[in-house]
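Quick note: the coordinates plus some simple rules give every number you see, no bench work behind them. Predicted model, so just to flag it, every value in this text is computed and none were measured. Here the Cβ positions follow ideal geometry from the backbone for every residue, glycine too, while neighbour counts run over all protein chains shown.
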């Protein structure tokens, strides 16, 4: 196969994933059809089936796409500002990429159908978050870590009118965390007296 043909196939495959993401976002998985995906691109359904054998194959590819891109975005953080920047970058990826939004939406549907498994990016994010919640070994810290991850997930998955609203919500979350850590520092100082 020539390079041009391989490149064309890859571009078609990417376009199908993008169209499927838009269709799944608009209609949900159960109501979306392969024909509707094809219609979005002005191609025949057979072309979609050539690249993806089923609607479920598209679904799995979108979940994997989201997990891979978000896993790449989760980086080792040495301080709070690096962690904050990483979370903001992940939120921006989610906001801008329909494939990520659709992949996580489809994964959420798995959770509702009792087929939950934590994605790699979620595991990596939990490790980085743990570094910035003080008093790691008590039940309060475990609850705070879970609350912070749940809040973050809810913030990035909400439909914001524009990026500035999303960034304001993230700033609010970061201020809550800063207040939590300052409170713990005060408690620790009080106990030492």
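A few remarks follow.
- Folded to 0 to 90 degrees: helix 80-96 orientation relative to the chain principal axis, Cα: 30
- Full-stretch length increase - residue 130, residue 35 - with 0.36 nm per residue and alpha-carbon distance subtracted: 29.7 nm
- Between helix 55-73 and the chain: long-axis angle, C-alpha atoms, 0 to 90°, nearest 10: 40
- Distance from segment 76-100 to segment 10-36 (C-alpha centre basis), Å: 25
- Orientation-averaged projection of the chain equals 13.6 nm² [convex hull of Cα atoms, one quarter of hull surface area].
- Debye equation applied to the C-alpha atoms of segment 1-53, log10 I(q)/I(0) at 0.16, 0.22, 0.27 Å⁻¹: -0.45, -0.76, -1.03
- Length released on extending from residue 54 to residue 110, taking residue separation times 0.36 nm less the Cα-Cα span: 18.4 nm
- Residue 89/residue 161 FRET efficiency (R0 22 Å; Cβ-Cβ; nearest 0.05): 0.60
- Where the Cα pairs of segment 11-96 fall when distances are cut into 10 Å bins, in %: 16, 41, 23, 14, 5, 0
- Fully extended contour minus Cα-Cα distance, from residue 172 to residue 146, at 0.36 nm per residue: 7.7 nm
- Ranked 173, 163, criterion: other C-beta atoms within 10 Å, fewest first: 163, 173
- Axis angle, to the nearest 10 degrees, between helix 163-192 and the longest C-alpha principal axis of the chain: 30 degrees.
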